[in-house]
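I have placed the structure first, in the form of structure tokens, so that the comments after it can refer back to it.
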Amino acid sequence: TGRSTYSVVPSNTARWVWVSENHITHPFTSAPNQYINYPSPREVILAGDVQPIVAENRVYFGATNGEFYALNGADASTAWKKQLGGAVLHTAAYASGTVVCACMDGKIYAWEAATGNTRWVFAGATAGYSVAPIIVNGVVLAGNRDGWFYAVNLADGSLRWRYRTIADVSTSPFSGAP
């Protein structure tokens, strides 16, 4: 794993290991005394709740430096990248060819998954998002630290409705059992 002196046995080979755009290992095989060389200082740091998502043969995720990445699944090269106005602290969402990310700058961003072209930006919140959005039936749902739970239309980013909670929303919505 690169984080301990233990290796995964039996050996397993990953097609690639991405640490940053400048540090990609092709391929990586776990074995005793085999490590990933991490740059110091680290160029890209993912928050603990960020889980990369995979769609359309790409890997999508945001980082604490406010960058959002779309990597090609075959070789980890950067397909497209966006600089946002704040940190990304949680997982993005995908539906109908659109990638959605909630950011600590108080905005929800939507991009065309294939090209990275901006579809819309929802800027109706007054605080940052520290939760993962979900997409259900064409609606993006995300709670915000301003105490509002927002429902935004996936097609155009317009506000569908919002609900006032009794405190800031610090957990992600849930749409049912896996």
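Could you list log10 I(q)/I(0) for the chain at q = 0.11 Å⁻¹, which the Debye formula gives when each Cα is one point scatterer?
At q = 0.11 Å⁻¹ the computed log10 ratios are -0.51.
Sequence-distant or interchain residues sharing an amide H contact under 5 Å with Gly143, placed H: which?
Distant-sequence amide H within range of Gly143: Tyr150.
Around Val140, with a cut-off of 14 angstrom between Cβ atoms, what is the net charge of the other residues, counting Lys and Arg +1 and Asp and Glu -1?
+3
If the only charges are +1 at each Lys and Arg Cβ and -1 at each Asp and Glu Cβ, what is the size of the charge dipole of the chain around the Cα centre, to the nearest 20 debye?
Computed charge dipole of the chain: roughly 180 debye.
So with the 1.4 Å probe, I'd like the accessible area per residue for the chain, rounded to whole Å².
Here the per-residue accessible area is 53 Å².
FRET efficiency for Asn137 and Asn72, Cβ-Cβ distance as r, R0 = 41 Å, nearest 0.05?
Calculated value: 0.85.
Highest GNM mean-square fluctuation, the chain, Cα pairs closer than 10 Å: which of Tyr69, Tyr109, Tyr163?
So, out of Tyr69, Tyr109, Tyr163, the one fluctuating most is Tyr163.
Convert each backbone phi in segment 139-152 into a coupling constant with the Karplus relation 6.51 cos²θ - 1.76 cosθ + 1.60 (shift: θ = phi - 60°), then list the ³J(HN,Hα) values in order as whole Hz, x for Gly and Pro.
Running phi through 6.51 cos²θ - 1.76 cosθ + 1.60 with θ = phi - 60° gives 10, 8, 10, 7, x, 10, 6, 7, x, 10, 10, 9, 10, 10 Hz.
What does the extension gain come out to for Thr25 and Tyr163, with contour length at 0.36 nm per residue minus their alpha carbon separation?
45.1 nm
Around Ile24, what is the net charge, scoring Lys/Arg as +1 and Asp/Glu as -1 over all other residues with Cβ under 11 Å from its Cβ?
Its environment carries a net charge of -1.
How far is it, in nm, from the label point at Asp49 to the one at Asn12 when both lie 7 Å from their Cα along the line to the Cβ?
Taking the two extended label points, one gets 2.6 nm.
Using a 1.4 Å probe on the protein chains only, how many percent of the accessible area of the chain belongs to carbon and sulfur?
50
Which value, in Å² and to the nearest 10, is the accessible area of Thr29 when all protein chains are kept and the probe is 1.4 Å?
Ignoring ligands and nucleic acids, Thr29 comes out at about 50 Å².
The values are calculated or read from the model by the stated rules, or taken from the named source; none is laboratory data. Since the model is a prediction, treat every value here as computed from it, not as a measurement. All Cβ positions, glycine included, derive from the backbone under ideal geometry; neighbour counts span all protein chains shown. Calculation scope for accessible area: heavy atoms of the full protein, side chains included, ligands and nucleic acids excluded. Shrake-Rupley method; radii C 1.70, N 1.55, O 1.52, S 1.80 Å.
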